[in-house]
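Contents: one structure, followed by commentary.
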Amino acid sequence: DVYKRQKEAGFWNNLGNAYSDLGRHEEAIEAYRQAIELDPKLAAPWNNMGYVYSRLGRYEEAAEAYRRAIELDPKDAYPWNGLGNVYALRGEWEQALEAFRRAVELEPEDGAYRVSLASALRALGQEEEAQAELERARLRIEREDEYSRACFAALCGETEEALRLLEAALQKRPGLRLRARQDPDLRSLHGEPRFRELVGETGYEHRGPKPRPPAG
């Protein structure tokens with residue numbers, strides 16, 4: 001019946017998340033596909049599949065997955081932020097900015113989404129507005145996880161704090177290493193030996209307008 005299929009879909013989605021955390025990406029994708037087959041109206045596995053595809057550098061598939069999630073749940077900020085991250089990884093900062101703005105509009109109290117917005121503004125040379133967003137994020141960031149706080153610290157030029165938080169995040173979720181290697185928000189750490197020790201070789205190459213260094 002419908003309830004049983006929805007429950008099974010939730011199980012497969014959670015299994016996919018577990019595989020994702022372990023870095024078993026292909027198994028995660030297959031689990032999310034199982035969830036979607038069982039409950040085509042469930043947005044979560046599309047969101048999660050978008051995340052995994054983006055980590056694998058499969059950006060077209062990631063963007064499509066996030067768009068499907070948006071179609072299913074237009075008022076959810078998560079896929080808009082995810083889509084913005086895909087654009088950012090491709091160096092398409094104007095599109096990233098639009099998506100991040102939409103995420104913040106939908107969930108203005110989320111500090112992590114404001115960090116993403118600030119990152120895009122900085123990449124486009126809009127430093128004054130970027131600083132304003134970082135100040136808004138500062139009021140909200142403490143409620144976020146260590147990884148999001150590491151991104152915030154990196155954007156603020158607080159290198160040691162960023163590395164400390166990143167190490168804590170990776171101890172809890174080793175599967176985040178691939179994300180950290182690619183994440184534009186952490187690009188200011190790429191020259192740090194400790195960062196390379198934590199995540200291995202970086203796979204991010206900045207494309208698009210050159211970001212300005214943190215002010216102050």
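The residues listed here are Ala153, Ala96; of these, the one that is in contact with an Asp or Glu (Cβ under 6 Å, 6 or more places away or on another chain) and in contact (Cβ under 8 Å) with a residue 12 or more places away in the chain is Ala153. Here the helices (runs of 4 or more DSSP H) wholly within the range 33-111 that include at least 3 residues being surrounded by 24 or more Cβ atoms within 10 Å (Cβ to Cβ), of a type in the set (Gly, Ala, Ser) and on the phi < 0 side of the Ramachandran plot are 59-72, 77-89, 93-106. Among the residues of the range 24-48, those that are out of contact with any Ser or Thr (no Cβ under 9 Å at 6 or more places or on another chain) and under 24 Å from Leu117 (Cβ atoms) comprise Ala43, Ala44, Trp46, Asn47. For the range 116-143, what are the residues that are surrounded by fewer than 22 Cβ atoms within 10 Å (Cβ to Cβ) and either within 13 Å of the chain's Cα centre (by Cα) or among the hydrophobic types (A, V, I, L, M, F, W, C) (or both)? Within the range 116-143, Leu124, Ala132, Leu139, Ile141 qualify. For the range 146-175, the set of residues classified as in a loop (DSSP other than H, G, I, E, B) and either of a type in the set (Ser, Thr, Tyr) or modelled with pLDDT under 95 (or both) consists of Arg173 only. Scanning the range 7-32 for residues that are among the hydrophobic types (A, V, I, L, M, F, W, C), over 20 Å from Pro174 (Cβ atoms) and crowded, with 16+ Cβ neighbours inside 10 Å gives Ala9, Trp12. A single member of Glu127, Glu133 is without any contact (Cβ under 8 Å) to a residue 40 or more places away in the chain and not small (Gly, Ala, Ser), and it is Glu133. In the range 99-118, of all residues being in contact (Cβ under 8 Å) with a residue 24 or more places away in the chain and touching a Leu at 6+ places or on another chain (Cβ under 6 Å), the one that is farthest from Asn47 (Cα to Cα) corresponds to Ala118. Exactly one residue out of Arg207, Arg187 is more than 18 Å from Arg114 (Cα to Cα) and at pLDDT below 95, and it is Arg207.
The values are calculated or read from the model by the stated rules, or taken from the named source; none is laboratory data. Keep in mind it's a predicted model, so treat the numbers as computed, not measured. In this analysis, Cβ positions are derived from the backbone assuming ideal geometry, glycine residues included, and neighbour counts consider all displayed protein chains.
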